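Undergrad: One structure is given below, represented as structure tokens, and several questions about it will come after.
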Amino acid sequence: MLILDMKRKWMVVFATVAMAFVGFPCVAQNNSNDSNQIGSSRTSRTSLFKSSRTNDAKNPKESDAKRNQKDTDKAREKNSNQPGSKGAKAAPKKDEKTVKGKEAPTKKSGGEEARPTTTVEFKMKADPSANLLYVESVSVAPTMNIVVEQGGGFATKTVYRNARKSRFTSVDVALRYEPSVVGLTGIDDSEIAPLLKQPAIAKIDARRGIFAYHAEFSQPQERDLTALFKLKWRALQPSEHSPMVFLNTDDFPSRVMNGEENVLLRSSDSEDFSGDLSSSGLVDAAISVTPNRESLLEMEDAGYGAVTGMALAREISEGTAEGDVTLALRPRRSAVTTGEDFLVDIVYANPKGVDIDSMRVAVRFDPTVLQVVDYDEDNWITNGVNILDGPYHEELPFDFHMRNKAYNNTGLISYEMGFSQKVSVPSAGVLATVRFKAIAPATVTEIIFDADEGSRSAKTTVSFLGFNLVGRPDDRATALTNASVRID
């Protein structure tokens, strides 16, 4: 049941929302000028991100200046990578990768000496245990980059991934969207409604494009993956890139709380990171709205010419785009002896250089003949039995780490990663490597991709904007190359 309380500008939705998702009620829009703060009846929480330090930069005392310079010199020496410095003695940790910067030219175009740029080394530390709050499409192949035709409807779900198995008692979500591009028409949180202490509170500011949601659980939760709510949208006008981003302010928080602790953060985060932590654990989405035929003709008549990006997105939305991406399983040995380990690479080819935002791979094997050996050095995900992706992070710098697990009891490998930003994917490379152990003889044992289009849990896709780019729309199978091995 959905109850609408039209108070000033906000439309407050007390959402038990026990309706089927296909039956969204229409959400009215109210555009008056006042605004109520979300959770105004709740005790306000002190911001976790305010700094108590103040600096007088105008007239520091001489002693303060000397002390500050001394501290700066110590910090530089400690963090320096130059030979002979303290920092140079420490080798990078196992889960850190170093990317070296480049020196600037020493000459300017006019022959004048140019001051060389300091070489900088960035330490990028993989975090396999990050708790994440993210938005993705409601589809067979969920994506954070959503494409829809103008005038069409689409749905998103907001999900909490609890990688550290943290206890949580309440959730706040605030999303900002472009109201001229998309309009919010419905909400469904029936999946978590039975777990709540009281009906959730949802607020919509249709003029500014802000959706805010607050829910408190009757008992502390520790679920690995929680779909908090689904939203139904209408695409209003064309846009190549329309962001849907999390807000995290005092008035509009996006946090997963265990009492007064935000479990999207770790206790060490405030020590390791001196910047703004307000976006920690929040993964945004983006929407591309393709013009309908009528709008496309109007744009061409107005002299816009070919709209390349939109035309491509339109092909994807119609299912006519052809990515011609291929995947193959490549054993490094064709025959092994019982009891031996051997490696199988999962390789890809991207001959057209198409954009990719997610890769999902499911591999089947005979568990009576083969077992996957845990192989996770420098991996993003190290829980359970994993396949190896650590050596390939530089070419495929995924920042959305969903799944890497082998199920030896059923003979399934499930791997899923994604990009939240545009990344140039190489024309060919290795996605991951599987270490198998042969446990029984076999004249031939097959290792195959599971590409069942109707399965959500076991499916192989290389996607952009939710469209599968493996092979061609009418012929996916020939773009997947399986493997076979003889075990003596």
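No lab work stands behind these numbers, since they all come straight from the coordinates. Since we're looking at a predicted model, the values are computed, not measured. Virtual Cβ from ideal backbone geometry, glycine too; neighbours counted across all protein chains shown.
Undergrad: Looking at the range 179-220, which trypsin sites (Lys or Arg not before Pro) are in a loop (DSSP not H, G, I, E or B) and have at most 15 other Cβ atoms within 10 Å?
TA: For trypsin sites (Lys or Arg not before Pro) across the range 179-220 that sit outside H, G, I, E and B with at most 15 neighbouring Cβ atoms in 10 Å, the list reads 197, 207, 208.
Undergrad: Hey, another quick one. May I ask you to list the GluC sites (Glu not before Pro) in the range 383-468 that are in a DSSP loop and have at most 12 other Cβ atoms within 10 Å of their Cβ?
TA: 394, 453
Undergrad: How high is the FRET efficiency between residue 446 and residue 374 when r is their beta carbon distance and R₀ equals 22 Å, given to the nearest 0.05?
TA: E(calc), rounded to 0.05, equals 0.45.
Undergrad: If you average 1/r over all unlike Cα pairs in the range 345-479 and invert the result, what Kirkwood radius do you get in angstrom?
TA: With all distinct Cα pairs of the range 345-479 included, I get 15.5 Å.
Undergrad: State which entries of 437/459; 197/232; 230/459; 405/437 exceed 19 angstrom in Cα-Cα distance in the structure shown.
TA: Flagged as over cut-off: 437/459; 197/232; 230/459.
Undergrad: Counting other Cβ atoms within 10 Å, keep those with at most 12, restrict to DSSP loop, and tell me which chymotrypsin sites (Phe, Trp or Tyr not before Pro) in the range 391-488 are left.
TA: The qualifying sites: there are none.
Undergrad: For the range 119-223, what does the relative contact order come out to in percent, with C-alpha contacts under 8 Å and a separation of six or more?
TA: It comes to 26 percent, rounded to a whole number.
Undergrad: Something else now. Mind ranking 253-263, 166-176 by how tightly packed they are, going by the mean number of other C-beta atoms within 10 angstrom, highest first?
TA: The peptides rank, most packed first, as 166-176, 253-263.
Undergrad: Whose amide H sits under 5 Å from the amide H of residue 131, counting only residues 5 or more places off or on another chain, with H placed in the peptide plane?
TA: Amide H to amide H, under 5 Å and 5 or more residues apart or across chains, residue 131 pairs with 163, 164.
Undergrad: In whole Hz, what ³J(HN,Hα) sequence does the range 223-240 give by Karplus (6.51, -1.76, 1.60; θ = phi - 60°), x for Gly and Pro?
TA: My calculation for the range 223-240 gives 5, 5, 9, 10, 7, 6, 7, 10, 10, 10, 10, 10, 7, 9, 8, x, 7, 6 Hz in order.
Undergrad: Oh, and also: Name the residues whose placed amide hydrogens come within less than 5 Å of the amide hydrogen of residue 459, ignoring near sequence neighbours (fewer than 5 apart) on the same chain.
TA: Here 362 satisfy the definition.
Undergrad: Convert each backbone phi in the range 355-368 into a coupling constant with the Karplus relation 6.51 cos²θ - 1.76 cosθ + 1.60 (shift: θ = phi - 60°), then list the ³J(HN,Hα) values in order as whole Hz, x for Gly and Pro.
TA: So the Karplus estimates, Gly and Pro as x, are 6, 10, 10, 7, 10, 10, 10, 10, 10, 9, 8, 7, x, 7 Hz.
Undergrad: Give me the net charge of residue 327's neighbourhood, meaning all other residues with Cβ under 13 Å from the Cβ of residue 327; Lys, Arg count +1, Asp, Glu -1.
TA: Surrounding charge for residue 327 is +1.
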